[in-house]
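I have placed the structure first, in the form of C-alpha cells, so that the comments after it can refer back to it.
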Ligand SMILES: Cc1cc2nc3c(=O)[nH]c(=O)nc-3n(C[C@H](O)[C@H](O)[C@H](O)COP(=O)(O)OP(=O)(O)OC[C@H]3O[C@@H](n4cnc5c(N)ncnc54)[C@H](O)[C@@H]3O)c2cc1C
C-alpha cells in the first residue's frame, strides 16, 4: 500500500486550502489494515508508544513498525493528564531524561510540524513546611550541579508571580517555592496526534481499536501478538501500556513491580486569565494551571488501592478542592465542569522502567506513574535506542528492571513530593 502523507502544515497550506473551501486536506494519519508481520510492534498508542515509534524512524531509520492501540490514540493517560512539564528532579538519571524531554518539547512543534501548544510559562512547587523548604533547596543545589536551571524563591516573589495565591494560608503558610522558569504545559492530545501523524507519514501503521489479547513466545523469544484483528508476528515487541503493563507482562509470562491505581483530575468552567504560572501545592496536595480556554485545570491524588476504573474515589475530589480553596480562595466560587481518572503505573521508587525483559525481543516502557506526560519525548528517544540496539543507551541505563533485584533504586518519591 502506498504511504499516505498528510502534507506539510503552514500558513501557505491554509491559504491554499481556503481557496478550495478547505475540502482538500488529507487525513492527519492513515487507518491501515494490520499486516501479518512487522519488524517492531509497539503496544499502546499513548504518547510514550508513539514517541518510541517516531524516534525509531527518525533516529534509526526503522519504519517497519506498527503501533497497536485497543481504544483510540491518546485515549489513555496521555489524553487524561494535567499536562505539567518540568525537569526539576533530584536524582541525576531522572534529571537527565526529564531534561532531555523538556529540551525536545521546546522544539517539538517545529520538529513534528504540528502545534503541540508547548507553553513554558514557569512552574512553582510551593514549600509549606520546613521539611519541604529543606527538600526543595536541596533539589535546587542538585539541579545546579546537573545543569538544570531552577531557583529557590521567597514568599514575596511567589505572590508577585501568582497574585491570586493566599501566602498566609489558614493551615500552612507559603514559605517559598522551587521555581523552574522553563517548566510549563503542552496540549496533551496534540502531542499524541503530532507523533501519530509523523509516524504515519513515515509509513508506520498506527492501528486503533485493536486490543492485544495474547503474546506468543517460543524458546524464550517473542513470536507474535494475538489481537482483536488477528495474529501479528514481529521480531521485537515493545510494551508501552502504562496502567495495563502488568497485564501485558502476564501475557508474556513475566511479572513487573508495578501497581496500577487511579489518579484524578478536575476542570472548572472557563474564566478570564488569572494565573499564568503552574502551581503545585504538595503539602495540602493539589495543583493548578489555567488552560488556553480559561479553564482551571486541577490535579488531585491517587487512590491508595489498586483499581482499573478510570474514575477514582470521591473523597479525593473533596480533599483536592479543599486544598486548592485554601491556597487560592477565589476559586471557591468556580463551578467544576468535568472530573475523570486515569490508571497510573506506580513503581516502588517512583521512577520509570525502560528495560529488556526475561523474554528475548520484548522490551517494556512503563512506571511513569503520575508524572510521565512531561517525559514523553525523552522516553521515546531512550526507548527507541533500547529497542533498536537491544541494550539501553545512557538515558535509559539506570532504569532497568534489574535495579529492583539489585537495590539500585532511583528514589524520586521524596524529592518530588508528588510526581506530576
Ligand atoms: C489525572 C492524571 C493527571 C496526570 N498529570 C500529569 C501531569 O501533570 N504531568 C505529567 O507529566 N504526567 C501526568 N500524568 C501522568 C501521565 O499522564 C502518564 O505518565 C503518561 O501519559 C503515560 O503515557 P503512556 O503513553 O505511557 O500511557 P497511556 O497514554 O495510558 O497509553 C497507553 C495505551 O495503551 C493502551 N493499551 C492498554 N492495554 C492495551 C492492550 N491490551 N492492547 C492494546 N492497547 C492497550 C491504552 O488504551 C492506552 O491508550 C497524569 C496522569 C493522570 C491520570
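Observations, loosely collected:
- At 1.567 mPa s and 4 °C, Stokes D of the stretch 1-124 from Kirkwood alpha-carbon radius, µm² per second: 75 µm²/s
- With Cα atoms, 0 to 90° folded angle of helix 47-60 axis to the chain main axis: 60 degrees
- Taking the Cα atoms of the chain, the ratio Rg/Rh between the radius of gyration and the Kirkwood radius comes to 0.97.
- Over the stretch 231-291, volume per residue of the alpha carbon convex hull, in Å³: 191 Å³
- Taking a ≥ b ≥ c as the square roots of the eigenvalues of the Cα gyration tensor, the stretch 114-199 is classed as prolate, since a/c reaches at least 1.5 and a/b is larger than b/c.
- Of all DSSP-defined beta bridges confined to the chain, some 70% are antiparallel rather than parallel.
- Against the chain, whose longest principal axis comes from its Cα atoms, helix 376-389 is set at around 30 degrees.
- Radius of gyration and maximum dimension Dmax of the stretch 347-402, Cα, Å: 10.6, 29
- Between the alpha-carbon centres of the stretch 292-370 and the stretch 1-47 there is a gap of 31 Å.
- More than 12 Å apart - percent of Cα-Cα pairs taken over the stretch 280-324: 63 percent
- Computed from Cα positions, the angle between helix 92-106 and the longest principal axis of the chain comes to roughly 80 degrees.
- Taking 37 °C and 0.692 mPa s as conditions, the stretch 127-261 diffuses translationally at an estimated 165 µm²/s according to Stokes-Einstein applied to its Kirkwood radius (Cα pairs).
- Span per principal axis, largest first, for the Cα atoms of the stretch 163-228 (Å): 62, 32, 21
- GNM top mover of 329, 394, 170 - the chain, alpha-carbon springs below 10 Å: 170
- Compactness relative to 2.2 N^0.38 Å, alpha carbon Rg of the stretch 233-344: 1.32
Every number in this text was worked out from the coordinates using simple rules, so none of it is lab data. These figures come from a predicted structure and were not determined experimentally.
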